[in-house]
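Working notes, beginning with the structure itself.
The values are calculated or read from the model by the stated rules, or taken from the named source; none is laboratory data. Note that the structure is a prediction, hence the values are computed from the model and not measured. Every residue, glycine among them, receives a Cβ derived from its backbone with ideal geometry; neighbour counts consider all protein chains shown.
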Amino acid sequence: MKRLRTLLGIGLGLAVVAGAGWYISQNGTTSTPAARQGRFAAGAATPVGTAAAAKGEIPVIVRALGTVTPLNTVNVKTQITGQLIKVEFKEGQMVKQGDLLAVVDPRPYDVALQQAIGTMQKDEALLKNAQTDLERYKKLVAQDSIARQQYDTQISLVRQYEAALVVDQAQVDSAKLNVTYTKILAPLTGRIGLRFVDQGNYVTMADATSICIIIQVQPISVIFTIPEDALPQVRQRLKAGATLEVRVLDRAQKTELAVGKLDTHDNVIDTTTGMVKLRATFDNKDETLFPNQFVNVRMLVDTVKDATVVPVAAIQRGQPGTYVYLVKADDTVAIKVVTLGVTDGEKVQITSGLEVGDEVVIDGTDRLRDGAKIRRPGANPRATSGPPVAAAPPAAASSAGPVAPANAAEPQPQQRRRPGNGTGNGNGGGAGRPAQTNQ
C-alpha cells in the first residue's frame, strides 16, 4: 500500500510538470507577436541622432603639458667678507631693482679706503717733486752744466711715480667698491623668498648658502614640449611673422589662468622622447601663474577656414577604414569612407568623402549596418516600426461569455456584467448569483 502511494505521488508530480511546460509554451507562443512590436523587432527602424555636414572654421590647437618657469632667478650673496649687521627685507615681499636688502659691516672697508687714499696722496707729492727736478735738469743739460745721464735718470723716476699713481688710483677704486658692496642691493625686480641667513652671521663670498632668492614673476614664462612632428608648422608660422597665442589652464583643465604668446623654441630635439621644448611668455599682472606650477597649455597654431566639418561622434573606424553612416533620402544609411583633416576635439574636418549638407549619423551607430532603416529624432515610431499586425477576425457570440478583443496588447474598456437567471452570466452560476465586475 505504501509503495502504491509513492507511485501515485510520482505520477502526480510528473503530471504537474508536464502541465506547467505546456502552459509556458502556449503563453510564449501567444506573446511572440506582441514582442515583435518592440524597438529592435526584425525590420524595425533604428532611432538615431543625425547632423549635417557644414562649412566652418577649425582652429589648429596644439595641446601640451607645461611648467611655469621664471625668466630670471637670482641667488643673493655677499661679494665681500664680514658680519651681516642689517636685514632690510621681509620674506615674500616684492622688491624693485636697487632696493636695499642687507648691510655688511662697512668699518673695515672704510679704513682700507682711507689707507688707499693716503698712499695715493703720498705718491702724488713724490711725482710733483720729481717733475720739478726734471724741469731743473732740463735747463742744466741745455747749459751743459750736468751730465746727460742724470737727466735721463730723472725722466725714468717721474715715469715710475706716474705708474705708482695709476696703481694707487686702482686701489682707491677697489676700496670704494668694497664699501659699496657692504650694501647688498636687489639685482632685479621680483618677489623675494625666504631668508636663509639671519642677521649677525658672518658671511663670505665662498658661502654655499644664499642670503635669499629673488624670482622675476612679471613677466613670467611657461616651458612646454610638443612632438617633433608639430614643430615644422610652428616654425613656418614664426618665420612668417605670426604671433602664436598660448593659453594656459589649471591642472583640472577647468579654469583659464592666463593668455600669452609663444616666445621661442629650443635648438635641439630630445632624442629619447622625440619632443622639443618651447617657451611662452605672460604678463602675469595678477600673478595667477606661480613658479614651478603645473599647467595645461593650448597653443593656437593656425585656423582652417571654409572647411567641411562634422561632429567627431560621426566618425567610425573599422574594416572599411575611416567612415561615416550617410543618411539617404529613403531613410536608410550607407557606409561612406572619408578622409579626415584637423580636429578641435568636438568637430573634425572632412577633406574628401562628404559634401556640405550631407546628413550623417552621430548617435546610435552601434546598432547600424549598411542599408539599415533609421528613424530620425521626433519621427512617429508607429510609422517606421515595421509592418502592422493583422487583427484576428471577430468570434461568434456564445453563451461562454463576451468576445475577447482582437489585439490583446491594447487595453480594453472595463465591462460590468449584470446578474442573470441563466448561464449567460459567464460564470456558470444559476439565478440569484451575485454580480461580478471583470477588471
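Structural remarks
- Selected residue [among the hydroxyl-bearing types (Ser, Thr, Tyr) and under 33 Å from the mean Cα position of the chain (by Cα)] from Thr225, Thr209, Thr204: Thr225
- Residue in the stretch 85-93 that is assigned to a helix (DSSP H, G or I) and not acidic (Asp, Glu) present: no
- Subset of the stretch 221-257 (residues that are modelled with pLDDT under 95 and of a type in the set (Gly, Ala, Ser)): Ala230, Ala240, Gly241, Ala242, Ala252
- Members of the stretch 342-363 found to be modelled with pLDDT of 90 or more and surrounded by fewer than 17 Cβ atoms within 10 Å (Cβ to Cβ), listed by number: Thr351, Ser352, Glu355, Val356, Gly357, Asp363
- Out of Val217, Val172, sole residue that is among the β-branched types (Val, Ile, Thr) and closer than 27 Å to Thr288 by Cα: Val217
- Of the residues examined, Val62 is one that is touching a helix residue (DSSP H, G or I) at 6+ places or on another chain (Cβ under 7 Å) and either surrounded by fewer than 13 Cβ atoms within 10 Å (Cβ to Cβ) or of a type in the set (A, V, I, L, M) (or both).
- Listed by first and then second residue, the pairs with beta-carbon distance under 9 Å, at least 6 apart or on different chains, first residue in the stretch 169-183 and touching a residue at least 40 places away in the same chain (Cβ under 8 Å) and part of a helix (DSSP H, G or I), second of a type in the set (Asp, Glu) and surrounded by fewer than 18 Cβ atoms within 10 Å (Cβ to Cβ), are Ala175/Asp110; Val179/Asp110.
- Only one of Gly98, Gly92, Gly56 that is surrounded by 12 or more Cβ atoms within 10 Å (Cβ to Cβ) and either touching a residue at least 24 places away in the same chain (Cβ under 8 Å) or within 35 Å of the chain's Cα centre (by Cα) (or both): Gly56
- Residue in the stretch 228-244 that is over 10 Å from Met299 (Cβ atoms), within 15 Å of the chain's Cα centre (by Cα), of a type outside the set (Ser, Thr, Tyr) and loosely packed, with under 13 Cβ neighbours inside 10 Å present: no
- The one condition from (1) at pLDDT below 95; (2) in a strand (DSSP E or B) that Val74 does not meet is (1).
- When Gly364, Gly345 are checked against the criterion of being out of contact with any Pro (no Cβ under 9 Å at 6 or more places or on another chain), on the phi > 0 side of the Ramachandran plot and not hydrophobic (A, V, I, L, M, F, W, C), Gly345 stands alone in meeting it.
- None of Ala329, Ala313, Ala307 is under 27 Å from Asp363 (Cβ atoms) and assigned to a loop (DSSP other than H, G, I, E, B) except Ala329.
- Number of the condition not met by Ala170 [criteria: (1) surrounded by 15 or more Cβ atoms within 10 Å (Cβ to Cβ); (2) under 30 Å from Ile211 (Cα atoms); (3) aliphatic (A, V, I, L, M)]: (1)
- Yes/no for Gln253 being more than 19 Å from Pro70 (Cα to Cα), in contact (Cβ under 8 Å) with a residue 24 or more places away in the chain and exposed (fewer than 15 other Cβ atoms within 10 Å of the Cβ): yes
- A single member of Asp330, Asp366 is more than 28 Å from Ile61 (Cβ to Cβ), out of contact with any Ser or Thr (no Cβ under 8 Å at 6 or more places or on another chain), surrounded by fewer than 17 Cβ atoms within 10 Å (Cβ to Cβ) and at pLDDT 90 or above, and it is Asp330.
- Any hit, the stretch 353-360, residues being of a type in the set (A, V, I, L, M, F, W, C), assigned to a loop (DSSP other than H, G, I, E, B) and not assigned by TED's automatic domain parsing to the domain that holds Gly260: yes
- From the options Asp99, Asp110, Asp105, residue that is under 21 Å from Thr204 (Cβ atoms) and either among the small types (Gly, Ala, Ser) or touching a strand residue (DSSP E or B) at 6+ places or on another chain (Cβ under 9 Å) (or both): Asp105
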